[in-house]
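Q: Dropping a structure here in structure tokens format, bear with me for questions.
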Amino acid sequence: MKRKHFIHSLGATTLGALSIPAALSAANSDAHSDSNKPPKGKKLPEYIVPQGPGISNAPHNEAFWSAVATNFIRPEGFINLENGYFSHQPQGTLRYHIDAQTTINTQTSHFMRTAQTQAIEEARKAFAGFQGLLPDEVALTRNTTESLNIVIMGTRWQAGDEVIIGNQDYGSMVEAFEQAAARWGIIIKIADLPKDPSTDAEIVNAYCDLITPNTKMLHLTHMINLSGQLIPVQAITRKAKQIQPNTVVVVDAAHSLAHTPTDMSDLTNSGVDVIGGSLHKWLCNPIGVGFLYMKKSLIPSIWPLMGDTGADKNDIRKFEHQGTRPINSLQTIAKAIEFHRMLGSAAKFNRLTYLKLLWIGNKQALENFGKGLGILNDPQYQANMAAVTELTLLDAFKLQSPLFQFQRGGAIATAYVNGYSPTSLAKALMDNHKIFTVGIDHPIIKGVRVTPHLSSCAADCIALNRAFTQICVDLIPSPKTK
Ligand SMILES: Cc1ncc(COP(=O)(O)O)c(C=O)c1O
């Protein structure tokens, strides 16, 4: 995309839709407005993150977060609240990725034959360092699906081996285990994860009660994509290892990486053996990069998905035999990390949690959250709280996500409205309110899943809250028709 178009997009869509307060708008107008294009030769800033104290406990500071949002190009004509599939990249990242692609496209095979290996190793080091892992325990894959298939398909299963999965695990992982069951005769046991648990112990027991001497693997989804529920992986792992020390604990961290303040090393320190994740979700890296963490001692016993007899069986790189691949997407990892670090994990998590609580409008949850951060009496916090309806008080509105676990919350939540199928509700939000979400029709969780992002603003969540209110009110028969 041409730079001129970048500037135009920001001026026409992002600023227009966000109505940034005057002071901030003025401060950033140099970079953003079409009429204030930077002078020829002056580069646009790589990332726009205003400096300011205490942002981690200021998730309601729209001046700050609206400026952060201008890093992203928002779509025209609708509000996107479905950012759980993958993340759009900040413009600085996008530009870096395109520049790296241009270099490879110019140097072609010379790059691949002379610089590729070093680029991959630098990317591995950057990611491992970011998450407190050792580079020799990290493979760079294409996504979570590939990472977890490597371990599920590569394990030396015996008929009768047992694996424990959750009833809200991601479909692709369930299918991988089902295929392993059909192929090798393993037994799948399914933990009944409570939708709205009141204690961690309920979740820990749902998994650990299923452990037997035949349990070979325990598969945990750190953040459930259907509802946003974050499960206590560390507590489950510690207990599972106490009961059956040889159980291999595998974590699907697709949604928790760079979304929650938990580093992957926090998980490995509790005894987790394998983790798969996607960098194109909350780290905002270009599409097509995932990671596989595997504990060093486990590596030699797992077969690679793609045949590789060249690499040492102890070398994590044996899992990376992918053929020709877009190295520019790996080169961009360090850049994506830079953006993440400019905000910090805690600030990002609090902002995303705040946006979720705002559209749901539950006063008790908002009060607890505001109190916890010491911002409850801030006029801006109070004003936004007053602007939303408490959807959880409306008869027709049914939240499908745990609300009071917001300390482990994050962006994702799902809800349905009586009388609407998930698809028809998503359609009503899009057709009548120009808000894009996704219908989830899972045996356990049904409704529309709402996922704000750093490109979202409080006004988007207030608009969604009003749309839900309207939909619920329209269901109430008027006195005449009663
Ligand atoms: C919990 C969970 N696991 C795994 C995946 C798969 O991620 P990917 O498509 O990047 O492999 C997703 C995708 O949304 C997910 O939500």
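Q: Go through the range 286-306 and count every residue that is more than 16 Å from the ligand (Cβ to nearest atom) and outside any helix (DSSP H, G or I).
A: 6
Q: Further question on the same structure: Just checking, which of Thr144, Thr215 is under 21 Å from Met306 (Cα atoms) and surrounded by 15 or more Cβ atoms within 10 Å (Cβ to Cβ)?
A: Thr144
Q: Same structure again: Looking only at the range 150-176, count how many residues are more than 17 Å from Ile275 (Cβ to Cβ), assigned to a helix (DSSP H, G or I) and in contact with a strand residue (DSSP E or B) (Cβ under 6 Å, 6 or more places away or on another chain).
A: Within the range 150-176, residues that are more than 17 Å from Ile275 (Cβ to Cβ), assigned to a helix (DSSP H, G or I) and in contact with a strand residue (DSSP E or B) (Cβ under 6 Å, 6 or more places away or on another chain) number 0.
Q: Name the single residue, out of those in the range 251-285 being over 18 Å from the mean Cα position of the chain (by Cα), not hydroxyl-bearing (Ser, Thr, Tyr) and not in a loop (DSSP other than H, G, I, E, B), that is farthest from Ala100 (Cα to Cα).
A: Among those residues, the one meeting the criterion is Asn269.
Q: In the range 279-323, what count of residues is obtained for those that are at pLDDT below 95 and among the polar types (S, T, N, Q)?
A: 2
Q: Additional query: Would you confirm, using the coordinates I've provided, whether Pro261 is within 25 Å of Leu355 (Cβ to Cβ) and surrounded by fewer than 18 Cβ atoms within 10 Å (Cβ to Cβ)?
A: Yes: the conditions hold for Pro261.
Q: While we're here: Those residues that are part of a loop (DSSP other than H, G, I, E, B) and closer than 15 Å to Leu226 by Cβ, I need them from the range 423-437; list them, please.
A: Selection gives Thr437 alone.
Q: Within the range 250-263, is even one residue closer than 19 Å to Lys189 by Cα, within 11 Å of the ligand (Cβ to nearest atom) and of a type in the set (S, T, N, Q)?
A: Looking through the range 250-263, none of the residues is closer than 19 Å to Lys189 by Cα, within 11 Å of the ligand (Cβ to nearest atom) and of a type in the set (S, T, N, Q).
Q: Another question, if that's okay. Just to verify a result, which residue in the range 186-209, among those that are assigned to a loop (DSSP other than H, G, I, E, B) and in contact with an Asp or Glu (Cβ under 8 Å, 6 or more places away or on another chain), is nearest to Gln234 (Cα to Cα)?
A: The selected residue is Pro194.
Q: Just to be sure before I move on: is Glu146 away from the ligand (no atom under 16 Å from the Cβ), assigned to a helix (DSSP H, G or I), assigned by TED's automatic domain parsing to the domain that holds Ser172 and not polar (S, T, N, Q) in the structure I sent?
A: So Glu146 fails the test.
Q: With the requirement that a residue be under 21 Å from Arg408 (Cβ atoms) and among the acidic types (Asp, Glu), what does the range 359-397 give you?
A: Result: Glu367, single match.
Q: Being within 23 Å of Met294 (Cα to Cα), within 16 Å of the ligand (Cβ to nearest atom) and touching a residue at least 40 places away in the same chain (Cβ under 8 Å), is that true of even one residue in the range 178-194?
A: Among the residues of the range 178-194, not one is within 23 Å of Met294 (Cα to Cα), within 16 Å of the ligand (Cβ to nearest atom) and touching a residue at least 40 places away in the same chain (Cβ under 8 Å), which makes the answer no.
Q: Quick check on the range 147-171: of everything there that is out of contact with any Leu (no Cβ under 9 Å at 6 or more places or on another chain) and surrounded by fewer than 20 Cβ atoms within 10 Å (Cβ to Cβ), which residue is farthest from Gln118 (Cα to Cα)?
A: Across the range 147-171, the extreme among qualifying residues is Gly160.
Q: Okay, moving on. Quick check on this structure: which one of Ile73, Ile79, Ile104 is farther than 16 Å from Leu279 by Cα and in contact with a strand residue (DSSP E or B) (Cβ under 6 Å, 6 or more places away or on another chain)?
A: That would be Ile79, the only listed residue that is farther than 16 Å from Leu279 by Cα and in contact with a strand residue (DSSP E or B) (Cβ under 6 Å, 6 or more places away or on another chain).
Q: Those residues that are away from the ligand (no atom under 13 Å from the Cβ), of a type outside the set (A, V, I, L, M, F, W, C) and in contact (Cβ under 8 Å) with a residue 12 or more places away in the chain, I need them from the range 217-243; list them, please.
A: Pro232, Gln234, Thr237, Arg238, Lys239, Lys241
Q: Do the conditions hold for Val174, that is, is it crowded, with 17+ Cβ neighbours inside 10 Å, β-branched (Val, Ile, Thr) and away from the ligand (no atom under 16 Å from the Cβ)?
A: no
Q: Then there's this: Test of understanding: among Ala128, Ala206, which residue is more than 16 Å from the ligand (Cβ to nearest atom), of a type outside the set (Lys, Arg) and closer than 19 Å to Ala254 by Cα?
A: Being more than 16 Å from the ligand (Cβ to nearest atom), of a type outside the set (Lys, Arg) and closer than 19 Å to Ala254 by Cα holds for just one of Ala128, Ala206, which is Ala128.
Q: For the range 288-344, give me the residue count where each residue is without any contact (Cβ under 8 Å) to a residue 24 or more places away in the chain and among the small types (Gly, Ala, Ser).
A: Looking only at that region, the number is 5.
Q: Of the residues in the range 299-327, how many are closer than 26 Å to Ala100 by Cα, surrounded by fewer than 12 Cβ atoms within 10 Å (Cβ to Cβ) and of a type in the set (Val, Ile, Thr)?
A: 1
The values are calculated or read from the model by the stated rules, or taken from the named source; none is laboratory data. This is a predicted model, so every value here is computed, not measured. Using ideal geometry, Cβ is built from the backbone for each residue, glycine included, and neighbour counts are taken over all protein chains shown.
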